Every structure is written in C-alpha cells, then in structure tokens.
Amino acid sequence: MLANSGNAAWMLMAASLVLLMTPGLAFFYGGMSQSKSVLNMMMMSFGAMAVVSIIYFLWGWSMSYGTQDIGGVFANPFEFFGLKDSITDADGNYIAGAWGYANIIDVAFQVTFAIITVALISGSIAGRVKYGTWLAFAGIWVTLAYFPLAHMVWGGGLLSGSENGLAAMIFGTTDDGEGGLVASVAPIDFAGGTVVHINAGIAGLILAIIIGKRAGFGKVAYRPHNLPFVMLGAALLWFGWFGFNAGSAFAADGIAGVAWVNTTAATAAAIVGWLITERIRDGHATSLGAASGIVAGLVAITPAAGTLTPVGAMILGVVAGVLSALAVGLKFKFGYDDSLDVVGVHLVAGLWGTIGIGFLASETGLFYGGDYKQLVVQIVIALFALVFTAIVTAVIAFALKPLGWRVSDEEEANGIDEAEHAETAYDFA
C-alpha cells in the first residue's frame, strides 16, 4: 500500500475541482454569447473535454511527463502510450508518483489542465466556427502546443529550472544539494501562467485574426444574453480554481493553504480593480465586470499562487483587474474579433501574473530584496511561450482551412445552434 493517503485524497478532490471548471467555463462563455449561439458555445467546452481526455490518456501524459526528453521540447509520445507502465508494475502494485501517492492520480490531475486550456481558446471564435473543425483543432493543438509547453515548463524541458533549460543558459547553474545541477534562478510557474493562460490567450488571438470577424463586428452590439449564467460560470470557475492552484502544491500542506489564500486575495482585489475602472470609465460597476474581474484575478495569481504573500497577491490582483478591464477594448482599436475577451483577460492577466512574479515573489522578487534575475527569467519564459504558441497555432489554423473554418453567412445570421446542432436553447413559440 502506498503512503500519503491524505495527499492522495486531496489530489483526487483537486482533480475533480479542476474538471468542474470546464462546465463552469461553458456557463461563463454561454451566458456571454447570443441566445442563438449559446449551445454551440457550451458544446465547444464539452467537446474539448471529450477529445482532450482521450488524447491525453493515449499520448499526452507521455509527451508531457515522459522521461525520454526530445530536445527539451517534448517527451517521447510512445514511452507511456495508453498509460502503459504508468499505473501498475509487473507485480500489480500501483506505481508511486513523484509525490509518494499513486502515479495515476497525477495523470488524473494533469488531464484536467489540458482540457480547460483548450476550452479557454473557444471564447475567441464564438458564433462563427464549424464544430467539426473546432474538434479537429482541439486535438491537433493540444498535441502540438499544450503538451510540449507542459513538458518545457513542468516536465524538465527548456522553460524549467533544469540544468539544460533557458534559465540555466542565461544565469548558470548551481548544486541542487543532491549531486545534480539546477538553474541558479529557476523560472516560476506554479499552476500554469505560461502553460495555460498565455498559451490559450495567444492561441485565441491568432485564431481570431486568421478566422476573421463576425459579420456585424464593430457595428452590432453583441451583448451577453444571460448574465446570471455568466455569474454562475464565474462562481464555478472560482470554486474549481482552488483545485487548480492549491492542488498544484501536490499535497495537503502549508503551501496549499498559501495558494488558497493568495487565490482568494488576488481574485477579490481584481474584482475591485475592474469595478473601479468601469466606474471611472463608464459610470457604472456591472455584473459582467465583476464576473470578468474574478477570472482576471484567478488568471493572474495562477503562476504566482505559491510564491507571494497575501499582500503581494492583492497587489497582483488589483493590477490584473485594471489591466484586463482596459485591455478588453483593444479588439475594437486593432480590429480583431476576440468575441468573449480571451485575449483581454487570459493573455493580458496571464502575462502580468507571470512577469509580476519577478517583482512580487516573496523571496526572489525585485520588490522583496531580490535582484533583477527573477524578473528577467519570467520575461524570457513568457516571451518564449508567446512566440512558440503563436507559430504553432498559425500553422494549425492554416492547415485546417481546407476543412472550412466558417459557417455560411446565412447560418451565422440565423444562429449557429440551429445550423451546427439542429437545436435551440430557448423555445420562443
């Protein structure tokens, strides 16, 4: 019998919480959509749950966390294909993972991160994309963008603190105390600032540009059709995010407690930052702003949850709320149709959260007696993630053009729910 049953129980709970985030995202995005496209929007999240889960268990775990590293970018997809040699050993005993409990629990936890990352992208292309093409994109993108970045950051690859990573190349290595070498200044991404939010945010921007605008963008006011759905979705996301961040401690311990408190502190501050910005700019503090502020704060604290003080988390959060509230208007200035503000919230807050660690980390941050090195490393990993995912996403998007990305103009005007799913969310008869 494996030890650490308490940690195992917590990690199974955390995995379940993170899995709940994707249906929560479906409500959040669905409420922000038009009534004639809400089902399609929600189905994009549920489709991601199906496609990514299957792929993750086949080769995603192996590509992300396999031991056979390929150029620091990804691991051999066939080493643990179908989770072989990942569940039990030759004697039928459960294989222990890095944290002492059964390795299969780590698989359960990590698949939920891959699912939500893909689902996040869908908000940038709401109301105009063929469902089959979206599902094809989901499978290819998670393989070529998410799994490699997860390996690079968390699996010992280029963006990790390993002796062969970029941080070690920039600032050298030091003894890890166990006879090995690690980067003298390690990158910090506690729960997915680069892997999840910068990754999904830049992918959403590239798709929005390549696929193009909705027919009435800039002329039609695309208002959320169901704000209670939006707030319900935000609440479910906040609840699930405790598994996301506190679960990334991989134990029921003090670090998990710090991550829980920091997650709440940053999110609360981000709500305030967003609402104050709205009040000054528009004269009103809205429910959509509160819900969006929740997500902005959660995104920003994700990479930093285990390394900030609660006061540092509040500073990070309030800045994220202000920046994201301002950034959601950039699509009108620059002319890209990021339908549900994936870029304004996930990319902007993800970048700020990742880079803000360089200022606010309680041990190595510039404002806490550290030097510039942590800040430089955080900027490097953020920029690398941006460029890597932008290129991969563009290649995939153009490669899928023969399948057809867009529904017809008539189908878009009449409602993508009816066209793609032969259903409508509401019976107005």
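Using the empirical formula 2.2 N^0.38 Å as the baseline, the Cα radius of gyration of region 1-108 reaches a ratio of 1.33.
Taking every C-alpha pair closer than 8 Å and separated by at least 6 residues, the mean separation divided by the residue count of the chain gives a relative contact order of 22 percent. State the Kirkwood hydrodynamic radius of region 201-349 in Å, one decimal place, computed from all pairs of distinct Cα atoms. Evaluated on region 201-349, it is 15.8 Å. Computed on region 109-255, with alpha-carbon pairs under 8 angstrom and 6+ residues apart, the relative contact order is 23 percent.
Hydrodynamic analysis of region 160-209 uses the Kirkwood radius over alpha carbon pairs. Inserted into Stokes-Einstein at 10 °C and 1.306 mPa s, it gives a translational diffusion coefficient of 128 µm²/s. When a/c is below 1.5 the answer is rounded, else prolate if a/b is larger than b/c, else oblate, so apply that to region 279-413 with a ≥ b ≥ c taken from the square roots of the Cα gyration tensor eigenvalues. Taking the square roots of the gyration eigenvalues as a ≥ b ≥ c, region 279-413 is oblate. Per-residue ellipticity at 222 nm computed for the chain from its helices equals -18500 deg cm²/dmol, with DSSP H segments shorter than 4 residues left out and the rest contributing -39,500 (n - 2.57). Highest mobility in the GNM of the chain, judged by mean-square fluctuation with C-alpha springs under 10 Å and restricted to Thr173, Thr263, Thr393, is found for Thr173. Packing, taken as the mean count of other beta carbons within 10 Å per residue, orders the peptides 418-424, 117-123 from highest to lowest as 117-123, 418-424. Debye sum, Cα scatterers, region 88-187, no solvent: what log₁₀ I/I(0) at q = 0.10, 0.12, 0.14, 0.15 1/Å? Taking Cα atoms of region 88-187 as identical point scatterers yields -0.46, -0.62, -0.78, -0.84.
Computed over region 220-274, the alpha-carbon pair-distance distribution with 5 angstrom bins reads 4, 18, 19, 20, 15, 10, 7, 4, 2, 1, 0, each value a whole percent.
If you take the alpha carbon atoms of the chain and fit the smallest convex hull around them, that volume is 146 Å³ per residue. With a cut-off of 14 Å between beta carbons, the residues surrounding Phe80 carry a summed charge of -4, where Lys and Arg count +1 and Asp and Glu -1.
A Gaussian network model of the chain, with springs between Cα atoms under 10 Å, assigns the largest mean-square fluctuation among Ile357, Ile116, Ile55 to Ile55. If you wrap the tightest convex hull around every Cα atom of region 337-429 and split its volume per residue, you get 145 Å³.
What you get for the chain, charging only the Cβ of Lys and Arg (+1) and of Asp and Glu (-1), is a dipole of about 1240 debye around the Cα centre.
Since every read-out is calculated from the coordinates, none of them should be taken as a lab result. Bear in mind the structure is a predicted one, so any value in this text is a computation, not a measurement. We place every Cβ from the backbone using ideal geometry, glycine too, and count neighbours over all the protein chains shown.
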